[in-house]
Amino acid sequence: MKDKDIIRLSWDEFDEMRDPRPATNDFDAVVERAISRRGFLGGVLAFGSGAAVMGTGLLSSTTSAQAQAAAFRFTPIDIATDHDIHVPEGYQWKVLVRWGDPLFSEAEGAYSPETGVPVGMSDKVFGENTDGMETFVDGDHTVLAINSEYVNPEINLPAASEGVAKSAEEVTLLKHMQGVTVMEIADNGNGYEVVVDSPYNRRIHHETEMVADGPAAGSDWFKTDADPTGLALRGTMNNCGSGKTLWGTYLTCEENFNGFFGATGAHEEREDYARYGIGGESPYAYEKFDARFDISQEPNEPYRHGWVTEIDPLDAASTPVKHTALGRFKHENAEMVQAADGRVVVYMGDDERGEFIYRFVSNGVYEEGGSTEGLLSDGTLFVAKFNDDMTGEWLPLTPETTGMPVEEILVFSRMAGSKVGATTMDRPEWVAAHPGRSEVYCALTNNSKRGGDAMPVNAANPRETNEYGQIVRWRPEGEDHGADTFTWDLYVMAGNPKLHDDAYRGSENITEGNMFNSPDGMAFSSDGLLWIQTDGDDSNEGEFEGQGNNQMLLGNPDTGEIARFLTAPKGAEVTGLTWSPDRKVAFVGIQHPGGSWPDGEGKPRSAVIAVWREDGALIG
Ligand code: FEO
Ligand code: CA
Ligand code: CA
């Protein structure tokens, strides 16, 4: 496969090329059995009334008052297939910041519709392909931290390069256009604006100096020719979803980091390289111009990526910290909550077909205003096991349970998870915790490659492929996130009722009016409603007929209702959601748009948009 062909692959296709997975999926089979046993089309997943039918007690705390309070305050919109954004009547939107927009006045005018951003200004502008983001407040100042997950080389590089970096300078340009942007925004009464030259403004990218803590920091796995200490790291990569700590810092999650490594010569074939998809050639060509990304020269550099990295967005001079205690895998996001006894709990998904859902539990306790020392470096990592009877348990990853030294459990978390029998999942994307009760949701986006496998279709296993995805949720025992057992069910099984009346139609809360595929980004607003963003097939054809462009929907956890709130421009996914401090403006990420959105000419520009109600009421 040529370089140019590789860069056109989706991450899922890239994963499959690097590390083909078995065609069957345990979790999908569990889901199908659970649904069919309870009558898939018989109201089981119509939550509310379904809660009684299920008899699991899972939703027993639901009250009609909660449901009343959670009523949607907008008229759902239709699907769209155009190159524009659509929001409900009574709402406004605008672009807050686009790829190439200046963070500093010296970069004003740097972006050109024909050539993009010059390398000299590439770390002074907003990065490409926006993703997870969070809001921070410092006195009168509002600061956003926003991920730029990856670059599209064809858009960033000169046309003559044909989408493949041809020099060290071009590699530097690509490195700078990804990572994290920290920027101050100001309320101008019209969806906010970026404060150019704010002292908070900062770009963190693939070359930024950072450190690591926890058991794997400084271990032999972290040592390279360039850094024999294993403690002086550089770069945070493929920053996908996000999280916010209880103490007000930003968590950025390194997902498909493997895609940035390649080999210019012979290299050791390691078992973990295969499991993590490391090897061959990179679509970014970094390895051709920088030995750090060449596994034939620096075989350990990949172990220094794939972590959750903490950034203090209110201190532009702070050094980011990679927390090895939270494990190394393709981190989607990091949802932090607190156990009943005050310990810190972080829920995390590993987004690849057949990988796991994780939980980190600190040894120490967090108290507001107290020390945070050790809270993300000293604790236990767990993987989830979803039992067929809709119970589940968190399996600890320890030397005793895995037979692996602790630093290897963390560097090779996937192998540790396999050793204890974690449940393989349909690509875990964002995890979101309900703000009002101990209930956690995880988007399982899809598992499109099961088709044609040896697993026979039958009544108990009606879905040969899972092209639409589902959202699983669990409630910890005793409403305590520190508990080691939970009960689970499905909030929604996406599908297409226009085409199907079997398992592919989706759960009963899916209708022809609200259908979607591939749930991915998720966040709860303060009113206890679940915002669901999609990253799926927007062809509006075949299995996806009637589903239109990618979208953002609002779900009521109590009634199961789901309503479409926003549609993205064709080609884009919707990912990343945060709010202004007064919750009157929502900031929504629009990644990899097609056409020439939003400028109407030149290159497509990923962007964060602001959405607000015309009457000034709360949006979240
Ligand atoms: Fe970056 Fe799994 O999405
Ligand atoms: Ca995602
Ligand atoms: Ca996705």
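Where a number appears in this text, it was derived from the coordinates with a stated rule and is not lab data. None of the values given here were measured: they were computed from a predicted structure. Please note: Cβ atoms are built from the backbone with ideal geometry, for glycine as well, and neighbour counts cover all protein chains shown.
Some values worked out for this structure:
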{"read-out": "The stretch 131-252: C-alpha gyration tensor shape, a/c 1.5 cut-off, then a/b vs b/c", "value": "oblate"}
{"read-out": "Gain on full stretching of the segment that runs from GLU13 to VAL420 - 0.36 nm per residue minus C-alpha separation", "value": "143.8 nm"}
{"read-out": "For the chain, size of Cβ-based charge dipole, Lys and Arg +1, Asp and Glu -1, in debye", "value": "700"}
{"read-out": "Phi to ³J(HN,Hα) by Karplus 6.51 cos²θ - 1.76 cosθ + 1.60 over the stretch 118-124, Hz, x for Gly, Pro", "value": "x, 4, x, 10, 6, 9, 10"}
{"read-out": "Gap separating the Cα centres of the stretch 495-522 and the stretch 405-422, nearest whole Å", "value": "35"}
{"read-out": "Karplus (6.51, -1.76, 1.60) ³J(HN,Hα), θ = phi - 60°, over the stretch 340-354, in Hz, Gly and Pro reported as x", "value": "4, 8, x, 5, 8, 10, 10, 9, 8, x, 10, 7, 7, 4, x"}
{"read-out": "Ranking of TYR468, TYR366 by count of other Cβ atoms within 10 Å, fewest first", "value": "TYR366, TYR468"}
{"read-out": "Inter-label distance, nm, simple model (7 Å from Cα along the C-beta direction), GLU162/GLU512", "value": "4.8"}
{"read-out": "Amide H within-cut-off set for ASP378, under 5 Å, with H built and near neighbours excluded", "value": "ASN363"}
{"read-out": "Among 403-415, 325-337, 342-354, the order from most to least packed when residues are scored by Cβ within 10 Å on average", "value": "325-337, 342-354, 403-415"}
{"read-out": "Cross-link reach list, lysines versus LYS166, counting only Cα pairs under 26 Å and skipping chain neighbours closer than eight places", "value": "LYS2, LYS4, LYS124, LYS175, LYS288, LYS603"}
{"read-out": "Efficiency of FRET between ASP502 and ASP138 - r from beta-carbon atoms, R0 60 angstrom, step 0.05", "value": "0.65"}
{"read-out": "Whether the chain is rounded, prolate or oblate, judged on the alpha carbon gyration tensor where a/c under 1.5 counts as rounded", "value": "rounded"}
{"read-out": "For peptides 382-393, 435-446, 547-558, sequence by mean Cβ density within 10 Å, most packed first", "value": "547-558, 435-446, 382-393"}
{"read-out": "Separation of alpha-carbon centers, the stretch 234-304 and the stretch 76-132, rounded to whole Å", "value": "27"}
{"read-out": "Hz values of 3J(HN,Hα) by residue in the stretch 316-328 - Karplus curve (6.51, -1.76, 1.60), Gly and Pro given as x", "value": "5, 9, 6, 9, x, 10, 8, 9, 5, 5, 8, x, 10"}
{"read-out": "Interchain or long-range residues, amide H under 5 Å from GLU439's placed H", "value": "HIS434"}
{"read-out": "Separation of alpha-carbon centers, the stretch 563-620 and the stretch 154-212, rounded to whole Å", "value": "19"}
{"read-out": "Amide H contacts of LEU444 (H built 1.01 Å from N, under 5 Å, at least 5 apart or other chain)", "value": "GLU429, GLN470, ILE471, VAL472"}
{"read-out": "Sites VAL196 and PHE74 - FRET efficiency at Förster radius 35 Å, r taken between beta-carbons, to 0.05", "value": "0.60"}
{"read-out": "R0 of 30 Å, Cβ-Cβ distance LEU231-GLU207: FRET efficiency to nearest 0.05", "value": "0.95"}
{"read-out": "Three-way shape call for the stretch 509-620 based on the alpha-carbon gyration tensor, with the a/c threshold at 1.5", "value": "oblate"}
